[in-house]
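So the structure is just underneath, and the comments pick up after that.
The values are calculated or read from the model by the stated rules, or taken from the named source; none is laboratory data. Small disclaimer: the values here were computed from a predicted structure and weren't measured. Counting neighbours? That spans all protein chains shown, and the Cβs are built from the backbone with ideal geometry, glycine included. Just so you know, the surface numbers come from the protein's heavy atoms only, side chains and all, with ligands and any DNA or RNA stripped out. Shrake-Rupley method; radii C 1.70, N 1.55, O 1.52, S 1.80 Å.
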Amino acid sequence: MTTPAAAPTAELDPAARAAALDAADPLAAYRDRFVPSDDVVAYLDGNSLGRPTKAAAERLAQFATTGWGARLIRGWDESWYELPLTLGDRIGDVVLGAAPGQTFVGDSTTVVLYKLVRAALDLPAVAGRDEIVVDSGNFPTDRYLLEGIAAERGKRLVWLHPDPAAGVTPADVAAVLGERTALVLLSHVAYRSGHLADAPEITRLAHDAGALVLWDLCHSAGAVPVALDAWGVDLAAGCTYKYLNGGPGSPAFGYVRAGLVEQLRQPIQGWMGADAPFEMGPAYAPHPGVRRFVSGTPPITSMLAMQDMLDLIAGAGMDAIRAKSVRLTELALDLTDELLVPLGVEVASPREAGRRGSHVTIDHPAFADVVGELWQQGVVPDFRRPHGIRLGLSPLSTSFDEVRVGVEAIRAALLRRED
Ligand SMILES: Cc1ncc(COP(=O)(O)O)c(C=O)c1O
Ligand SMILES: Nc1c(O)cccc1C(=O)C[C@H](N)C(=O)O
C-alpha cells in the first residue's frame, strides 16, 4: 500500500502548498496530454478557450489528408452527416447525463439558444403564456437574444436581480413564476461570479408553474457534473470551446428532452434538419428526432478537437474532475485571502464549494491595467467589467502551481502600484 501524500497545510508557504497539492493530484498526469505553450507560465482562462489536446492537434493535422483529402464527398455518407448526432450523444453520455437521441451539435451557442427559445415559445402547452424569466447577470448573448425574441414574438422579459452574494436562488425564481411564465432561461454557472445555480430545484419549480426550462451550460459542461435526464430538464445548450476544448469557434451542443422534440418546430428550417435531405423534396418535413435542430451543413472540421477532450473526460470521470475543480478554486480563494485581500481585492465568487463552478472572480479597481501586464508576463486570466479578474481553472489542464503563480503575479502587480 502506498502512503497517501501529506495533506497540504496552511502553514506551508504558497509554493510548497501548491507543490504538495500537485504531488497529491490524481489527475496530474493529464496535464501532459495538452499542447504546451512556451510563453505561458499560468493559463487561467480555460473557461474562455480551453487548451488543445495533443491528440486533437494530431487529429486536426491528419484530417486534411486522411479524412477530407482521402474520403472527399464520401465522407458525408461514412460519418460526417451523422456527426452532429453521434457527437451529441457522446457529449450527452460523458458530460450531460443525457441518454442518446436528445443532444445535437450545431451552430454557435447564441444560435442554438435562439432556436431552442423560439421553438419552446411556440409549444402549444406554453404558447398562450407571455413571460420569459431571465437573470440580469446572465451572459450578454442570452440577454440580447431574448430581447430580440421578446420583440419578435410579443413576449415580456421578467428580469431577476439576484443578491450578488447569493447568485440566482430557487426563491428568486419562485417569486416571479406564475401562470404567465412560458420559459425560464438561466445559466447553470454564472459567467462572471461563478455561482452554481440549483438546477434540479429551479427546474422543478418552473415545471410546477407549468413553464419550460432552458439551462445555459456553457460554464458547467466538462467542469461541473450535470444530470439533465435525472433533473427533468426540458432544454439546454452550451459551448464546446471552454471545458470541452473544441477550439476557437467550435459549435455548441443543444439538448431537447425526449418526448418534447417531436412537438417542437425550430425557426431555421434547413435541409440538413429535414427528414430526407437528399430527396430534396418540394416542402420541408422535419426529421422526427433531435436532428431537426440542425439547419445547414455542419462544421465538421470544428467538431474534431472536442472528440479527444471527451475521451480524456471519460477516462478521468466527471466526479474526479469536479473534485479537482473544487480544490483548484479553494486554493485560488485561500491564496487570494492571504495575498490579495490585504491589498484591497474583493472576492466576487461564492465561498461555499457546492455553490461554485470552476472559476473564481476577484475585483480591484486597478485590474483593468493589471491584466495587460499579466498577459505580457505569460500569466493569462481574463478581465471582466467593471474591474474583475476571472481565474478560469480547467481541471485536466491546470496545475495548482499555475494558480499560485497567477495569484502571486497579481500581488506583485498591485504592490508595484503602491511603490
Ligand atoms: C454563459 C454563456 N452563454 C453563451 C455564450 C456565447 O456563446 P457563443 O459565442 O458561442 O454564441 C458564452 C460565451 O461566449 C457564455 O459564457
Ligand atoms: N467566446 C469567446 C470569444 O469568441 C472570444 C473571447 C472570449 C469568449 C468567451 O467565451 C467569453 C466567455 N463566454 C465568458 O464567459 O466571458
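Tell me which of these Gln269 doesn't satisfy, since it passes every other one: (1) over 24 Å from Glu82 (Cα atoms); (2) touching a Phe, Trp or Tyr at 6+ places or on another chain (Cβ under 8 Å).
Result: Gln269 fails condition (1) only.
So, of the residues in segment 308-317 that are part of a helix (DSSP H, G or I) and open to solvent by 10 Å² or more (accessible area, probe 1.4 Å), which turns out to be nearest to Leu27 (Cα to Cα)?
Ala316
Working carefully through the options Ala230, Ala283, Ala305, Ala323, find the one that is within 29 Å of Leu60 (Cβ to Cβ) and either surrounded by fewer than 19 Cβ atoms within 10 Å (Cβ to Cβ) or within 16 Å of ligand 2 (Cβ to nearest atom) (or both).
Being within 29 Å of Leu60 (Cβ to Cβ) and either surrounded by fewer than 19 Cβ atoms within 10 Å (Cβ to Cβ) or within 16 Å of ligand 2 (Cβ to nearest atom) (or both) holds for just one of Ala230, Ala283, Ala305, Ala323, which is Ala305.
Looking only at segment 181-220, filter to residues that are in a loop (DSSP other than H, G, I, E, B) and hydroxyl-bearing (Ser, Thr, Tyr); which one of those is nearest to Ser394 (Cα to Cα)?
Ser220
Results for (1) surrounded by fewer than 18 Cβ atoms within 10 Å (Cβ to Cβ); (2) part of a helix (DSSP H, G or I), shown as yes or no for each residue.
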position	(1), (2)
Thr336	no, yes
Gly354	yes, yes
Pro365	yes, no
Ile389	no, no
Asp401	no, yes
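Can you pull out the residues in segment 242-251 that are within 8 Å of the chain's Cα centre (by Cα) and open to solvent by 10 Å² or more (accessible area, probe 1.4 Å)?
Lys242, the sole residue that qualifies.
Would you confirm whether any residue within segment 160-167 is in a helix (DSSP H, G or I) and either open to solvent by 30 Å² or more (accessible area, probe 1.4 Å) or without any contact (Cβ under 8 Å) to a residue 40 or more places away in the chain (or both)?
No, segment 160-167 has no match at all.
Within segment 111-138, track down each residue that is without any contact (Cβ under 8 Å) to a residue 60 or more places away in the chain and either away from ligand 1 (no atom under 12 Å from the Cβ) or more than 25 Å from Arg322 (Cβ to Cβ) (or both).
Listed by number, the residues that qualify are Ala127, Gly128, Asp130, Glu131, Ile132, Val134, Ser136.
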